[in-house]
């Protein structure tokens, strides 16, 4: 796990590029504190790398790394989990290796298969590879988007890096233009997706894509992998549980390959609990598990996590987050480089910093919910499918609308009443608004019209949601919702959250549930299997019964939640008022003060959880501008 950066320019005698690549690499040192280096071919290619040593801890594993013929050079971030098998195959074909690293395996595969080598890699990765023979720069990103990769073309130079801040550091601030469409999407969902960023001229390479540059301003982007949602009705539930167990166990075993200790983020949920059980079956010695909790017991999953840790005899560690988080927000906001409003980034940062004192590699349960129906909105969509089957859509919407309007807004988030309230709200809407209601707690179309001083001609965020849903129009609503979560929210929200939080402290996060074999298997399963019964994740719950106590198996999903509403109405209230009403930045330039005041004073009836999400979204935007949008001119 590392940080990578590069510059491709035709100005081979421009000494500024040499200074720039050093500066870009310095900005990524937190991602790889073990070694830092840059390289140039003195003909327009500059590569930089910061290393977090995981496989082959010797100097032979340092990067930028050259191929045996010296015609290829790579900077690589990530892990190739099947590198041992690939290495053995290549050695049997006469390939000689100088190191034990997985990085050198990529170079050898490229030398043999060219661009097709990407299809053979099983892992998480983002890399830049210079092919001196073909005078070609190749950028590639893993299938589901575990590892980030950004790029920009500025003044004839092509830049790429693991984080936006590295590119920001070499682009004049006058060139960093705010992307209004990205801002609008952020207001709707709390993150920015696809190839866009908050800046018009900085882009992100999409998951499962490669970029081939024949020159600084001449490049093309190709998709080499896309998820397929082809359901197999013939798979029985028990068989699906058995196969999932087998594939997941293999994925876990591969992710234990490391020359440094591996730990687990252990929540009170079934995903990380199953991982703990599977690791226990592979580890001869006790391994470390880490849990985060809060003073507010309603959000504290430590008791259930401790039950799992005790069952498997792990070396268990806990950390408690206190309510005073205002002091850590500037550092967290700076780490993300652009507006980002997933409040679970706070516990992610705390536990990453804590765990990094003990281990360099951590396993996480990311992906289990998206693949196996773990969110309440998945259950809502499945329930709606049954209701829609009676062919009285307009009547059902009318009844739901009348009941919803008569009900008081719930005062807590994770209750059966709160689920019913939001479910009825969604049923009362048309399709797009229904999905938005169940998917997001952000600003809807009407709220944005009031929020903006000068509303855009169209709602970009909602239009983007329509576009995403159209791509899965052949699926039923439950599968559509899971596809939306996997292809949109997962790579643009959850994986961004964990990558930035973990790499801020030089900690590598591995996700067995996102193994490509398991992903492709899960996408073959029907919604009937993934959402059978009345609970979320029935398939994984059935699997969990093999490994975990009933208290853990039957516990309702809570997620990586924080007491956000209480914080915003108490500890962070003064910060919200000062930041949103007294600053002269984007918030007050673009948004109506009267609406901000009304929102702060809670004059409109709204669910506490949704109000907190909207307040948090605006606060993170204002803090981003204050701490991030201020680079050199």
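Nothing in this text is a laboratory measurement; each read-out follows from the coordinates by a stated rule. Since the model is a prediction, treat every value here as computed from it, not as a measurement. When we count neighbours, we look across all protein chains shown, and the Cβ atoms used for this are built from the backbone with ideal geometry, even at glycine.
Report the equivalent ellipsoid semi-axes for the chain in whole Å, largest first, defined as the square roots of five times the eigenvalues of the gyration tensor built from alpha carbon atoms.
38, 31, 24
Quote the relative contact order of region 2-223 in percent (integer), defining contacts as alpha-carbon pairs under 8 Å separated by 6+ residues.
20 percent.
Using the Kirkwood formula on the Cα atoms of region 295-357, what hydrodynamic radius do you get, in angstrom to one decimal?
That comes to 13.6 Å for region 295-357.
Can you give the % of DSSP beta bridges in the chain that are antiparallel, to the nearest 5?
75 percent
Over the C-alpha atoms of region 152-262, what are the Rg and the largest Cα-to-Cα span, Dmax, in Å?
20.6, 59
Kindly provide the helix-only [θ] at 222 nm of the chain, computed as the sum of -39,500 (n - 2.57) over DSSP H runs of four or more divided by all residues, to the nearest 500 deg cm²/dmol?
Numbers: 28 runs with 267 residues, N = 633.
Calculated at 222 nm, the ellipticity per residue is -12000 deg cm²/dmol.
Using alpha-carbon positions, what is the distance between the centroids of region 195-233 and region 331-403, in Å?
About 24 Å separates the Cα centre of region 195-233 from the one of region 331-403.
Just rank 45, 387, fewest to most, by other beta-carbon atoms within 10 angstrom.
Ordered by Cβ neighbours within 10 Å, fewest first: 387, 45.
When only C-alpha pairs under 8 Å and at least 6 residues apart count, what is the relative contact order of the chain, in percent? Before the final figure, lay out the partial values.
On the way: 1137 pairs, mean separation 104.4, N = 633.
The normalised contact order for the chain reaches 16 percent.
Taking a cut-off of 21 Å, what percent of all Cα-Cα pairs in region 2-223 are separated by more than that?
Details: 12933 of 24531 pairs.
Summing the P(r) of region 2-223 above 21 Å gives 53 percent of all pairs.
Kirkwood Rh over alpha-carbon pairs of region 1-89, then Stokes-Einstein at 37 °C and 0.692 mPa s: what D in µm² s⁻¹, rounded to an integer?
238 µm²/s
How do 173, 510 rank when sorted from fewest to most other Cβ atoms within 10 Å of their own Cβ?
173, 510
Give the value in nm², to one decimal: projected area of the alpha carbon convex hull of region 539-633, averaged over all directions.
With every direction weighted equally, the projected area is 10.3 nm².
What is the order of 91, 360, 196, 147, fewest Cβ neighbours within 10 Å to most? Kindly include the intermediate steps, with their values, before the conclusion.
Details: 91 12, 360 21, 196 18, 147 25.
Ordered by Cβ neighbours within 10 Å, fewest first: 91, 196, 360, 147.
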